[in-house]
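This report concerns only the one structure given below.
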Amino acid sequence: MKSKPVSVRQNTIAMVYDFDGTLSPQPMQEYTVLPKIGVKPAEFWERVHKEATDTRSDPMLTYMRLMMEALYKNDEVRITKDDFKAMASRIQYFPGVEGWFKRVDDYVKQRSHGKTRVAHYIISAGQKEILEGVSIRKHFKQVYASEYHFNQYGIATFPKLLITDTSKTQFLFRINKGKEALSESINEHMPDAERPIPFSNLIYIGDGMTDVPSMALTKKSGGHTVAVYNPALPKSRATCTRLLDAQRVDFIAPADYRANSKLMKRVT
């Protein structure tokens, strides 16, 4: 039986990354907003967890609200998009991250003789306003992350988009179907042959349990999954090992993005 011809060129590899713990050792707020408001990270996250538990609230919404309340505790303080973006200069990365994207692009271009390209994406529960200012932003076709609404004065007032562990999967389908704008519906049926990036062309890189829904969808749909861990944190490696044992990832590696790293060798 002859297979149906492919109706679109499926010659793009999508590499999709979580951010906190995957490309950067710490949550982005610990480099940016929390130092600005003078709050210790452990105290802040403990408060988020306690309030979310006590009030049966979504932890992500709780953190976004508490962050805004802390920023605006002083009536004279108002945070704009540009302020969030400027804070991103303080973010640190795992070794090799800043050169990783070009190395991967060059490798694929060479091996495919220019017939295949790579598109990089971030899907994060963190803040898009911060991610828009990171030094590696230029490498990503799209950055999907939680966002605040800004009023007519350019001041953040409330969360307008929330990305959680499970809602991350929506954006995998957006990439898969080529419906990358939030205004585009992804609910209509689309034959596999018409999807610009089949899941078999997708590699998801994450670091922990918050990535499980995305990893499960990617792997179940024929894609590839990688869990990276911080070598300085035994718990991080233990988490990745559990993901590997549960067959939720294809392999694990230290979060070392340098040219001769295990991660680079296995991904290529």
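Computed quantities for the displayed model
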read-out: Exposure of residue 149 as accessible area (Å², to 10), given a probe of 1.4 Å and all protein chains; value: 70
read-out: In nm, spacing of pseudo-spin labels at residue 182 and residue 265 (7 Å Cα→C-beta vector); value: 4.2
read-out: Centre separation in Å (Cα based) which lies between the range 4-68 and the range 136-183; value: 12
read-out: At 1.306 mPa s and 10 °C, Stokes D of the chain from Kirkwood alpha-carbon radius, µm² per second; value: 81
read-out: Helix-derived mean residue ellipticity, 222 nm - over the chain, DSSP H n ≥ 4, -39500 (n - 2.57), to 500; value: -10500 deg cm²/dmol
read-out: Computed log₁₀ I(q)/I(0) - Debye formula, equal Cα scatterers, no solvent, the range 124-268, q 0.15, 0.18, 0.19 Å⁻¹; value: -0.90, -1.20, -1.28
read-out: Residues of type aspartates and glutamates that residue 179 reaches as a straight line, Cα spacing below 15 Å, ignoring anything fewer than 8 places off in the same chain; value: 188, 192, 194
read-out: Residue range of the chain that is longest and free of GluC sites (Glu not before Pro) which are both DSSP loop and sparsely packed (at most 12 other C-beta within 10 Å); value: 77-183
read-out: Approximate spin-label separation residue 9-residue 246, in nm, with each point projected 7 Å along Cα-to-Cβ; value: 4.0
read-out: Partner lysines for residue 235 [C-alpha distance under 28 Å; skip if fewer than 8 residues away on the same chain]; value: 40, 50, 128, 168, 219, 220, 262, 265
read-out: Within a Gaussian network of the chain (alpha carbon springs, distance under 10 Å), most fluctuating of 247, 26, 142; value: 247
read-out: Fraction of antiparallel bridges per DSSP, the chain only, in percent to nearest 5; value: 15
read-out: The range 76-141, dipole about Cα centre (Lys/Arg Cβ +1, Asp/Glu Cβ -1), debye to the nearest 20; value: 460
read-out: The chain: most fluctuating residue of 56, 103, 90 per GNM, C-alpha cutoff 10 Å; value: 56
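The values are calculated or read from the model by the stated rules, or taken from the named source; none is laboratory data. Only a predicted model underlies this, so the values are computations on that prediction, with no experimental measurement involved. Cβ coordinates were reconstructed from backbone atoms using ideal geometry, including for glycine residues, and neighbour counts include every protein chain displayed. These accessible areas exclude ligands, DNA and RNA; they are computed on the full protein's heavy atoms, side chains included. Shrake-Rupley method; radii C 1.70, N 1.55, O 1.52, S 1.80 Å.
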